[in-house]
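For reference, the structure discussed in these notes is given below.
Readers should treat all values here as calculations from the given coordinates under stated rules, not as data from a laboratory. This is a predicted model, so every value here is computed, not measured. Reconstructed Cβ throughout: ideal geometry from the backbone, glycine too, with neighbour counts over all protein chains shown.
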Amino acid sequence: MRIKTLALLAPIFMINACSDSQPDYPVAEKRPVELERHGDVRIDDYFWLNQRDDDEVIAYLEAENAYAESVLSDSSGLRERLIAEMASRIKEDESSAPYRHGEYYYYRRYEIGKEYPIYCRRKGSTDTDEEILLDVNAIAGDEDYFSVRGVRVSPDHQTLSYGVDTRGRRFYDLHFIDLATGDHYADTVDDVTTNYVWANDSKTIVYVRQDPDTLRWNRAYTHELSGGADTLVYEEPDETFGVYTYKSLSGQFVYLHSFSTLATEVRYVSADAPSADMRVFLPREAEHEYLVTDGGDRFFVQSNENARNFQLLEAPLDNTAKDAWEVVIPHRDDVLMEGFEVLSGHIVIDEKHDGMDRLEVFDRSGGTVHAIAFDEAAFELSAGDNYEYDSTVYRYGYESMTRPESVYDYDLVAQQSELVWQKEIPGSFDPGDYHSERLFAEARDGARVPVSLVYRKGIEMDGSNPLLQYGYGSYGISIGPDFDRNMLSLLDRGFVFAIAHIRGGSEMGRQWYYDGRQLAKMNTFTDFIDVSKFLIAEGYTSAEHLYARGGSAGGLLMGAVVNMAPELYNGISTRVPFVDVVTTMLDESIPLTAGEWDEWGDPREKPFYEYMLSYSPYDQVARQYYPHMLVTTGLHDSQVQYWEPAKWVAKLRDYKTDDNLLLLKTDMQAGHSGKTGRFQRLEDDALYYTFFLNLEGISE
């Protein structure tokens, strides 16, 4: 991409009077540059906003923040009430469900008034004395941003490891605690991911380091506690691939999984000798995705070769060639195999059937298969904390749009589930007060798009209800109909909440993903629009009361939708939106770009360039009406750079023909995931909800 600066103008922004009833807003100055590709020249007036450390850029972002706060100042009381209301639904001294790992039961808990968890364990049973392993509150200090991830215990249960990020760029420093003394080891592993595993010797970890510029996870190392220099195990040479590590539940092997969007390659080594040369399970092949783990005497492989929705196969430990693979669970056109867990006597398989989660259990000795039954219309399942390979009990999580997160232990032999823990919602919450539905909207090409809804019982579907519609639709990620206790603040004020399970996800099988990526990406946007029209036609809402929200790749969705059908929505909220698609995908210096070409297409090729340009929200901003909009981002975002939403808002201010609100709020301390503390996070939702409620004229 050729970049040519056309002009440099000063000052960088000015204050524009927008109306008598609204405060003045900042208008970024135009500093046009030419962006040339395939003989096409685009003018980018706001390219200069990509200088994160430039004082003028920071001044502009802070001016936008001040403007957003001034607009919302009259509703500060509502925002504070919402924060207090949402906080009241948090059990302040909450504890997680203890899980067994070796001789111990591990869990985390919170204390009243504190932001961060305390990691604990008890030996032998859940009734013995508590041992505190890590109090995150004690080490967080007064940091504005403090993220702890990757808390793990060594196989001998004598060392605790964890990662700390204080900036939001997802570079973590790994620390190690001697649990016998409570003292930290002197050595740390700095600026890495929290993707790592312990080897069986309990003194060596295998970890993954990211490229400091592109953020690609590309190198795996071993680190020995109190040892010498770290040893490079593997470096992924292909810029479109990343790598991550995992360890089988049996404890037999450590794996390195090289991955791109549509191809994978697995290496493995004995967990007893992590520094030995790794073996390739099967060399990578175009559009062959496979995942491997072991089950003691054999490997198990989830593969999509000649099986778009994947099938499960097995292979002997001494021969991993494809001609040695044998089918365990065959491919099914109506069932997507998403993952699996191998125990000594059973295999538990995560699936999607007709858009809904399902768990199937394969008996390794008898060869029989049965499914775990659930009776709600819409729900979400997740794997729980399973650490015991020889166990006949499988732990899983369950929640729905009306039922909080619950943890069950499933007896794989007796085929019975037992509820062991459920998130407590203090106050007057009663799941019986709410109703959830699963519907299908017909897209313009005849596809059936699943829609999950929840609302408080008693409201009439006469088109007058405010409705918040959410969507994502990228990377094959399925959005589950889970429970959101903060959402109760909207439901109790008359809102309907709907999730549009649009193409680009995998809710209806792997083909659902293929039909919403690359040169079929437009289906993602039109599906969302068609769901909106369906909800209006069915009386759930109207265009005057319809709102939409999405973040990251879902922010791309929001940007495309407001360009294509702005008249359908009264307001849009989008978080860390990926809206400058073409420029980002042409710049290989931007983090994660090369690995994204399989998802969006490679704009260095003209057909992809032209197609991406046709929907790129920043490039397609038009001189037209736009709904009220709230755009949020994080200065240190490592996934979607802050300047994409900043440029987008600046251009929208110049082009839009209405007087509707347009607000940009940049968190100057956070990254892609927002704030870290459990109470701090409430500020973000309170901001979004205040925006929607104001537009509805709801002040209480």
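When residues of region 312-334 are filtered for being farther than 24 Å from GLU285 by Cα and aliphatic (A, V, I, L, M), how many remain? The total comes to 0. Which condition number in (1) under 30 Å from SER250 (Cβ atoms); (2) assigned to a loop (DSSP other than H, G, I, E, B); (3) not aliphatic (A, V, I, L, M) is the one that THR214 fails? THR214 satisfies all of (1) under 30 Å from SER250 (Cβ atoms); (2) assigned to a loop (DSSP other than H, G, I, E, B); (3) not aliphatic (A, V, I, L, M) except (1). Screening ALA373, ALA324 for residues that are under 18 Å from ARG298 (Cα atoms) and either aromatic (Phe, Trp, Tyr) or surrounded by fewer than 20 Cβ atoms within 10 Å (Cβ to Cβ) (or both) leaves exactly one candidate, ALA324. When THR666 is tested against the conditions (1) in a loop (DSSP other than H, G, I, E, B); (2) under 22 Å from the mean Cα position of the chain (by Cα); (3) under 19 Å from GLY554 (Cα atoms), the lone failure is (1). For region 376-408, filtered to residues that are farther than 19 Å from TYR99 by Cβ and in contact with a Lys or Arg (Cβ under 6 Å, 6 or more places away or on another chain), the residue that is surrounded by the most Cβ atoms within 10 Å (Cβ to Cβ) is ALA378. Reported count of residues in region 565-589, each being in a helix (DSSP H, G or I) and in contact (Cβ under 8 Å) with a residue 40 or more places away in the chain, is 6.
The residue list ILE139, ILE132 contains one member that is touching a Cys at 6+ places or on another chain (Cβ under 6 Å) and more than 17 Å from GLU92 (Cβ to Cβ), which is ILE132. Restricting attention to region 526-555, the residues that are surrounded by fewer than 24 Cβ atoms within 10 Å (Cβ to Cβ) and part of a loop (DSSP other than H, G, I, E, B) total 4.
Listed here are the residues, each with its yes/no results for (1) in contact (Cβ under 8 Å) with a residue 24 or more places away in the chain; (2) under 27 Å from the mean Cα position of the chain (by Cα); (3) within 25 Å of GLN669 (Cα to Cα).
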{"position": "LEU82", "(1), (2), (3)": "yes, yes, yes"}
{"position": "ALA87", "(1), (2), (3)": "yes, yes, yes"}
{"position": "LYS114", "(1), (2), (3)": "no, yes, yes"}
{"position": "SER125", "(1), (2), (3)": "no, no, no"}
{"position": "GLU143", "(1), (2), (3)": "no, yes, yes"}
{"position": "SER154", "(1), (2), (3)": "yes, no, no"}
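Does GLU305 satisfy the condition of being closer than 27 Å to GLU507 by Cβ and part of a loop (DSSP other than H, G, I, E, B)? When the stated conditions are applied, GLU305 passes them.
Residues in region 561-604 that are of a type in the set (A, V, I, L, M, F, W, C) and surrounded by fewer than 23 Cβ atoms within 10 Å (Cβ to Cβ): MET564, ALA565, LEU568, LEU586, ILE590, LEU592, ALA594, TRP597.
State which residue is nearest to SER147 (Cα to Cα) when the search covers only region 190-211 and only residues that are of a type in the set (Asp, Glu) and not in a strand (DSSP E or B). Filtering first and then ranking leaves ASP211. Taking the criterion of being free of Cβ contacts under 8 Å to residues at least 60 places away in the same chain, in contact with a Phe, Trp or Tyr (Cβ under 8 Å, 6 or more places away or on another chain) and not hydroxyl-bearing (Ser, Thr, Tyr), the residues of region 198-210 that qualify are ILE205, VAL208, ARG209, GLN210.
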